[in-house]
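Take a look at the structure set out below.
The values are calculated or read from the model by the stated rules, or taken from the named source; none is laboratory data. Just so it is clear, the model here is predicted, and its values are computed rather than measured. Here Cβ is always computed from backbone atoms with ideal geometry, including for glycine, and neighbour counts include all displayed protein chains. SASA here: full protein model, heavy atoms, side chains in, ligands and nucleic acids out. Shrake-Rupley method; radii C 1.70, N 1.55, O 1.52, S 1.80 Å.
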Amino acid sequence: MSTDNFNQYTTEEFEAATRAVLGNIKVTVEPNFGELGVVCDRSDIVSICKILKQDTDISMEYLRSISVVDWVEHMEVVYHLSSIRHMNRIVIKVVVPIEDLKIDSVITVWSGADWHEREGHDLFGVEFVGHPDMSPLILYEGFEGFPGRKSFEIPVQETFYGD
Amino acid sequence: METKATVIRDENSETAELRINMGPQHPATHGVFRMVLTLDGERVVTVEPHIGYLHRGSEKLTEGENFQQITTLFDRLDYISNFNNEWVYVRAVERAMEVEIPERAEFIRIILGELNRIASHFLFYGTYGLDIGAMNPVMIGFRERERIQALFEGVSGARMMHNYFRVGGVKEDLPEGFVPAVYALLEHLKKGYEDARDILTESEIFIERTAGIGALDPEKTLDYGVTGPVLRAAGVDYDIRKADPYSMYSDIDFSVPLGSHGDCYDRYMVRMLEIEQSIKIIEQCVKKLPDGPIQGKVSRILRPPEGDFFVHGENPRGDLGVYLVSSGGTVRPYRLKIRGPSFSNLMALKSMMEGAYLADSTVILGSLDIVLGEVDR
Amino acid sequence: MAIEPGSLSDPNNGKDRLILPEEAKGVWSDIKENRKSGISGVVTLKSEELFAMARKSSLWPLTFGLACCAIEMISTYMPNHDFDRFGVVTWPSPRQSDVMIVAGTVVKKMAEPIKLLYEQMASPKWVIAMGSCATCGGPYVRSYSVVMGVDQIIPVDVYVPGCPPRPEALLGGVMELQDIIQNEPRKKRGL
């Protein structure tokens with residue numbers, strides 16, 4: 001059988017080390033479907049990212065992607081981090097209320113957050129405070145609406161079974 | 001009579017910076033990509049990349065299709081390495097549904113994935129030679145690609161958009177005579193690879209044009225999230241097939257070529273050596289190919305349980321990631337985010353190109369080997 | 001009005017201008033025979049048809065690949081399928097090209113550059129829509145940012161279906177375009 005699908009990227013020691021390093025900040029640290037999940041407040045995100053990147057035992061020097069998920073009553077910004085030195089993974093999930101779609105930008109921590117945040121803004125309307133340039137990236141100038149949101153409807157593909 | 005040449009310098013003349021547009025339609029931009037360059041004489045001062053000319057809304061479209069139908073969308077993302085894209089997507093759904101895949105299917109996937117990697121690198125070789133100004137490489141590169149595509153046509157029915165991988169295995173078994181055909185193909189590929197290598201690798205013109213150009217140090221490359229051959233050329237040993245093995249890669253013996261300077265020549269060399277390694281992998285897999293079923297036990301209508309899963313794989317261009325959010329029990333995903341390697345690789349363009357000559361701008365862009373389909377999705 | 005050899009208006013005075021060396025008798029003497037009997041390789045046709053023949057034999061497309069179909073288009077230029085034998089050579093400048101092969105999905109952001117390029121091309125010009133995305137939107141027909149077919153922006157002469165179409169299909173499309181070009185003078189005359 002293959003070594004694939006059921007890889008676990010989190011161990012008890014890693015969880016304990018992460019909790020120790022994050023110290024006083026109000027977070028919830030627990031396994032999230034094979035990766036270590038960190039749920040935190042949106043005001044703490046930059047400090048958490050800095051700590052996780054610079055600490056030598058955790059050393060999350062590779063930001064994989066920043067995704068935005070629209071849960072209708074609120075939105076979630078999900079950061080996937082990975083460490084190349086230790087081969088560990090962390091998922092940071094931050095809840096952003098729909099009335100106030102603002103969150104601090106992590107571009108000062110990783111320069112690779114640049115276009116991911118611009119795309120999140122284009123498609124969902126989330127504003128990343130502190131980003132130098134929020135002009136449209138993949139949509140044309142003057143596009144109305146935010147296509148990624150659930151409220152922007154597009155037709156559904158025909159299926160002949162199931163739902 | 002002796003004439004003396006004098007250099008006339010006019011202190012009052014000023015030159016202004018020139019802003020030019022290398023527009024969406026350009027023979028050397030590898031697709032619909034637009035760069036606005038600010039030049040001071042021959043030197044590039046700043047570069048602003050503009051993307052979005054191929055944004056087709058694949059991520060939103062997946063929310064309206066069921067899990068079987070999304071494979072066709074993934075084919076068209078990075079349209080040169082179709083099998084590798086499909087592979088990462090079906091692995092994401094298999095992880096969500098915890099499906100076990102039979103060995104024969106795994107080996108078939110590896111063989112086809114590696115053949116696609118060879119085809120993709122031959123295309124890079126051809127178009128990179130064309131960017132530099134050589135006409136022969138593109139002919140040789142495509143000659144080898146045609147051979148590989150003929151084999152793909154025998155397996156899946158199409159030269160390019162295969163739609164062959166399924167959740168749990170592959171769609172149907174290999175045709176008769178596949179194994180001798182692969183052996184014959186590998187013989188041709190080895191000769192083609194030697195032809196290709198002999199033209200450019202030690203050519204003085206090529207080395208002058210690529211060595212020392214567009215170098216990036218390892219920390220900066222990781223900071224931008226660059227992966228794939230560009231990262232390995234800078235010296236960082238990160239190949240997902242070795243570092244975080246999936247499928248049967250941990251049973252196969254191959255090495256990962258690394259560069260040292262991180263410049264365009266190293267990126268070219270890493271890709272050429274990867275062709276050699278892929279040939280080695282395919283030879284081992286064809287020997288080990290067992291008999292057996294090609295589909296694991298999976299229900300006909302796919303309804304993954306609730307959860308979110310991030311699965312990644314080593315594409316020829318880097319680390320393709322799929323973030324699947326499933327709200328439990330539905331036939332369609334709730335959210336599917338695609339992390340394209342060329343999207344992150346392209347972010348590093350600014351720091352590579354600033355300060356370079358205008359004539360080197362196409363060389364640097366070509367060495368990144370971007371495909372606009374996965375930049376814009 | 002035929003010229004009789006030996007008559008006053010014959011400039012050669014009855015002698016043959018073509019002097020053959022001894023070794024070439026086999027081939028050239030056939031031609032001489034043919035020339036005497038009147039089959040000398042002269043074609044008579046209307047000038048419009050001649051110009052149409054010239055245009056169809058040397059179509060230069062603009063280097064314009066948008067998406068996946070561009071890879072199959074490049075394969076058609078390569079020696080395995082060889083577009084060059086049809087006289088088709090890719091040319092980067094719109095001012096000097098004859099045909100625009102729109103290969104790939106047309107996205108709304110790209111619609112204006114396509115229109116600009118089409119307007120820059122000099123007449124006579126033609127457009128081939130290659131692939132389903134350029135024909136009708138293709139697999140992205142439900143998307144919010146795709147133009148459903150390039151014929152919403154520019155007039156199209158030949159549609160080549162497929163996703164992506166095989167190189168042979170694109171060759172067939174170009175041959176279809178060549179037929180259209182050849183028949184244009186007749187169409188103008190209402191035949």
So is residue B:313 under 24 Å from the mean Cα position of the chain (by Cα) and either hydrophobic (A, V, I, L, M, F, W, C) or within 13 Å of chain A (Cβ to nearest Cβ) (or both) or not?
yes
Which listed residue is within 17 Å of the chain's Cα centre (by Cα), modelled with pLDDT of 85 or more, more than 11 Å from chain B (Cβ to nearest Cβ) and open to solvent by 40 Å² or more (accessible area, probe 1.4 Å), from A:127, A:99:
A:127
Out of everything in the range C:163-186 that is modelled with pLDDT of 90 or more and assigned to a loop (DSSP other than H, G, I, E, B), what residue ends up being nearest to residue B:159 (Cα to Cα)?
C:166
When every residue in the range A:51-68 that is aliphatic (A, V, I, L, M) and away from chain B (no Cβ under 11 Å) is compared, the one most open to solvent (accessible area, probe 1.4 Å) is A:51
At least 3 residues that are of a type in the set (Phe, Trp, Tyr) in each: list the strands (runs of 3 or more DSSP E) lying fully within the range B:15-64 that qualify.
none
Total residues in the range C:91-105, condition more than 17 Å from residue C:159 (Cα to Cα) and not in a strand (DSSP E or B):
6
Looking only at the range B:326-377, which residues are at positive phi and of a type in the set (Lys, Arg)?
B:377
Which count do you get for residues in the range C:52-80 that are open to solvent by less than 20 Å² (accessible area, probe 1.4 Å), outside any helix (DSSP H, G or I) and more than 7 Å from chain B (Cβ to nearest Cβ)?
3
Can you tell me which residue within the range C:155-182, out of those that are among the aliphatic types (A, V, I, L, M) and within 14 Å of chain B (Cβ to nearest Cβ), is farthest from the chain's Cα centre (by Cα)?
C:169
So which of C:123, C:97, C:47 is more than 10 Å from every other protein chain (Cβ to nearest Cβ), surrounded by 23 or more Cβ atoms within 10 Å (Cβ to Cβ), free of Cβ contacts under 8 Å to residues at least 40 places away in the same chain and within 22 Å of residue C:178 (Cα to Cα)?
C:97
Would you check which residues across the range C:143-152 are surrounded by 18 or more Cβ atoms within 10 Å (Cβ to Cβ) and assigned to a loop (DSSP other than H, G, I, E, B) and list them?
C:143, C:144, C:145, C:147, C:149
For residue A:16, are the conditions met, namely being in a helix (DSSP H, G or I) and at pLDDT 85 or above?
no
Identify all residues within the range B:183-239 that are surrounded by 22 or more Cβ atoms within 10 Å (Cβ to Cβ), assigned to a helix (DSSP H, G or I), small (Gly, Ala, Ser) and out of contact with any Lys or Arg (no Cβ under 8 Å at 6 or more places or on another chain); write none if there are none.
B:196
So, in the range B:242-253, of the ones that are open to solvent by 10 Å² or more (accessible area, probe 1.4 Å), in a helix (DSSP H, G or I) and under 22 Å from residue A:35 (Cα atoms), which residue ends up farthest from the other protein chains (Cβ to nearest Cβ)?
B:242
Going through the range B:86-101 in order, the residues found to be within 11 Å of chain A (Cβ to nearest Cβ), touching a residue at least 12 places away in the same chain (Cβ under 8 Å) and of a type in the set (D, E, K, R) are B:91, B:94, B:95, B:100
Members of the range A:69-89 found to be of a type outside the set (D, E, K, R), more than 15 Å from residue A:48 (Cβ to Cβ), facing chain B (nearest Cβ under 10 Å) and in contact with a strand residue (DSSP E or B) (Cβ under 9 Å, 6 or more places away or on another chain), listed by number
A:69, A:71, A:82, A:84
Being small (Gly, Ala, Ser) and either more than 26 Å from the chain's Cα centre (by Cα) or more than 11 Å from chain C (Cβ to nearest Cβ) (or both) is the filter; apply it to the range B:38-79 and report the residue that is least open to solvent (accessible area, probe 1.4 Å).
B:64
Could you check residue B:104 against (1) more than 13 Å from chain C (Cβ to nearest Cβ); (2) open to solvent by less than 10 Å² (accessible area, probe 1.4 Å) and say which number it fails?
(2)
